[in-house]
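Comments concern the structure below.
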Amino acid sequence: MIKLNEFKKFYLCHFVKEFNLFRLIFFCFLIIAFSPVEAAATNTVEGAIAWAEAQGVGDNWDEANSRPWASWCLHFVGRTYLNSIAGDASAIVAWNRDDDKYGPRTTNQCPPRGALVFFDAVAANSYFGHVGLSVGDGTMWHAWTDGIRHDSISNYSYYLGWRWPDAWTGDEAYAASFHSQNPIDPTYEANSYQEFTLSYTNEGSTDWKNSGGVDSCQYIELRSVNSSGTGTVDSEIWPGNGSAPLWINAQRVVSPYYANVAPGENAWFIFTAKMPSTPGDYYFYFRPYHAMGGFIGQVRYFHVNVTGSSNSTTTYLSNSTTTYRSTTTFRSTTTYRSSSTTTYRSSSTTTHRSSTTTYQPNSTTTYNAYDAEFNSQNPVGDLTYPADSTHSFTLSYTNTGTSDWKNTGGVTEPQYIELRSVNSAGTDEIDSGIYPGEGASPLWINRQRVVSPNAVNVAPGENAWFIFTAKMPSTPGDYKFYFRPYHAMGGFIGPFRYFHVNVTPSYSTTTYRSSTTTILPLSTTTYRSSTTTIQPFSTTTYRSSTTSILPLSTTTYQSSTTTAQPVSTTTYLLSSSTTYLGSSTTTYAHPQWDFNADGITNYLDLGLFADHWLLLEGDPDWASMYNLSIVPDEFNRQIINYNDLGIFADHWLEETP
């Protein structure tokens, strides 16, 4: 926690003198964003339910107020969230309030987890009405005439509905946050079919379901929306009936892949879309729609550049009078109808006439009932994740065989297929180093068998999507994790693929060997310092004076009284594991957030941090030492932003022992 009073009294005046206006604004933002505030007397949904459970069924004594719980139902639910009385005379008074204290009145039969469930004023409750705390599964915790109960809501008549205690908790019943999407800014040909994925995290209090439709309490789906995300529209990329995965209709796209998505888990919406016939620059907008909560989460779009179709169903008329047809599929975008029994599949429309060429089938073609071709994977490239962190991965393969694939039935089902963890040659299954353990979502089958595809059936030519969650190893290092499809009848098919991950420590500190102010990096790192002398510890020998640095090599350095910068186009990135050597043998640890290594994290470090604010990896002034969180942005890029600022603020005025 920031020592705010000391911060204001001593450092603010120095900061104003020492730094420019931008840094002052940045500094004010730090004070506002991370100043301590008095916590409101509220609770989370899970905290409220846990408190109710802790009292236990049959308990009939409120220790805090020295009175029985019997018939004090509104006070009981107030205690679950507020640890104090609710402030209204009775449950029926609370139900009839027209302000926002309890949120909107909702009369459906689907009270979410954490909602207040109300009943009408009748003789059974002495005309005071009744209220309980919903568990989200059709049951509630409540105080009745004989004390605390946990039983079915349907056991009590005169149900009115439910309200959400907005004034008592910051949680929401139905909420979502964007997690990821694939692809990013693609270019596709007109009329082509492509696969898209949108993922959202369940930030609400209740599970999401992928079945039951809009009349089901927990059902959720993805919809095509206008650019503001406020209403549904017919999608320009609706592929029509019969596409796989199927859309519900032109506005309602698809429900999540997994049957149940608990709070904190990710829902994956995967769908096939047909690109418009007219080339151009398009934006296609989508947003989750919850059966009870309406539109939730932010609107997202796919930006697609649609080009003219270079592939049209091409017909060749040869100088042969015999027509042959076949079902052999070649990797080509052209369809040949020739004097053979082979059909080459493609998507062209150009007609060619020839009097000299005869197209004949390849009599040596091998027909393979079970085969696969790699389609895509996400994320891509060299990844960097902290140890023990959990991340989602996707691999997609095209069915290039002649038989459908199924995602149910297991290895005894002739058409069943799944993804497996394999060795680097892709020949044998092995225990995966990123198996998340039992209970992870999406679930693995076991340590070697990862997951079956998202669609129930994948016909030849269609794509299977294997989506799974993985937990990074505890030991930092450079890893490659290999996977390959396994067919019940065909064994391993298609090429193996791997994810390359650099696993970093969850957090670490850098060890320095230094004198009072001199820092000597082990490489010729571009570096800013508040000291007067910086000497790279490398194969180059340096001579230094009071305010300048003069190398004996041909490298030229610019220097001032407080800054030493190599004139070089090469940028060296520091990491938290870099060792710095100084002119003395004194050894002490400087955390990564103590950027100038002066033994305290203060306004000097904040100034250096501000100089790198919002820089992306690859920018000319990028330095990884300021990238404290290593959490990538939504486009999988490293950026110095509020995630790093949060870590920096957590260590404000922290001194090095």
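The values are calculated or read from the model by the stated rules, or taken from the named source; none is laboratory data. Computed from a predicted model, the values in this text were never measured in an experiment. When we count neighbours, we look across all protein chains shown, and the Cβ atoms used for this are built from the backbone with ideal geometry, even at glycine. When the accessible area is computed, the model is the full protein with side chains, heavy atoms only, and any ligands, DNA or RNA have been set aside. Shrake-Rupley method; radii C 1.70, N 1.55, O 1.52, S 1.80 Å.
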Requiring at least 1 residues that are in contact (Cβ under 8 Å) with a residue 60 or more places away in the chain, the strands (runs of 3 or more DSSP E) wholly within region 428-498 are 463-471, 477-487
Can you tell me which residue within region 617-630, out of those that are within 20 Å of the chain's Cα centre (by Cα) and in contact (Cβ under 8 Å) with a residue 24 or more places away in the chain, is surrounded by the fewest Cβ atoms within 10 Å (Cβ to Cβ)? ILE630
Residue selected from region 435-470 under the condition of a type in the set (S, T, N, Q) and open to solvent by less than 30 Å² (accessible area, probe 1.4 Å), by the criterion farthest from LEU246 (Cα to Cα): THR469
Restricting region 140-154 to residues that are without any contact (Cβ under 8 Å) to a residue 60 or more places away in the chain and more than 36 Å from the chain's Cα centre (by Cα), the one farthest from ALA50 (Cα to Cα) turns out to be SER154
Within region 409-429, of all residues that are surrounded by 14 or more Cβ atoms within 10 Å (Cβ to Cβ) and among the polar types (S, T, N, Q), the one modelled with the highest pLDDT is SER421
Just one of THR230, THR206 is touching a Lys or Arg at 6+ places or on another chain (Cβ under 8 Å) and either open to solvent by less than 60 Å² (accessible area, probe 1.4 Å) or of a type outside the set (A, V, I, L, M) (or both); which is it? THR206
As an exercise: evaluate GLY646 against (1) part of a loop (DSSP other than H, G, I, E, B); (2) surrounded by fewer than 18 Cβ atoms within 10 Å (Cβ to Cβ) and give the number of the one condition it does not meet. (1)
Could you look through region 262-284, keep only residues that are of a type in the set (S, T, N, Q) and part of a strand (DSSP E or B), and pick out the one that is surrounded by the fewest Cβ atoms within 10 Å (Cβ to Cβ)? THR272
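Name every residue in region 211-250 that is among the polar types (S, T, N, Q), in contact with an Asp or Glu (Cβ under 8 Å, 6 or more places away or on another chain) and modelled with pLDDT under 95, in order of residue number. Don't jump to the end; show me each part of the working.
Within region 211-250, the first condition is being among the polar types (S, T, N, Q), and the residues that meet it are 211, 216, 218, 224, 226-228, 230, 232, 235, 241, 243, 249.
Okay, now just the ones that are also in contact with an Asp or Glu (Cβ under 8 Å, 6 or more places away or on another chain), so 218, 224.
GLN218, the sole residue that qualifies.
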So, in region 383-397, of the ones that are polar (S, T, N, Q) and either closer than 19 Å to TRP268 by Cα or in contact with a helix residue (DSSP H, G or I) (Cβ under 7 Å, 6 or more places away or on another chain) (or both), which residue ends up most open to solvent (accessible area, probe 1.4 Å)? THR390
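Yes or no: SER432 surrounded by 19 or more Cβ atoms within 10 Å (Cβ to Cβ) and at pLDDT 90 or above?
Details: surrounded by 19 or more Cβ atoms within 10 Å (Cβ to Cβ): yes; at pLDDT 90 or above: yes.
Spelling it out, SER432 is indeed surrounded by 19 or more Cβ atoms within 10 Å (Cβ to Cβ) and at pLDDT 90 or above.
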Suppose the filter is over 22 Å from PRO505 (Cα atoms), aliphatic (A, V, I, L, M) and open to solvent by less than 30 Å² (accessible area, probe 1.4 Å); does ALA610 pass it? yes
I'd like the full set of residues that are in a loop (DSSP other than H, G, I, E, B), surrounded by fewer than 17 Cβ atoms within 10 Å (Cβ to Cβ) and of a type outside the set (S, T, N, Q), limited to region 55-71. GLY56, VAL57, GLY58, ASP59, TRP61, GLU63, ALA64, PRO68, ALA70
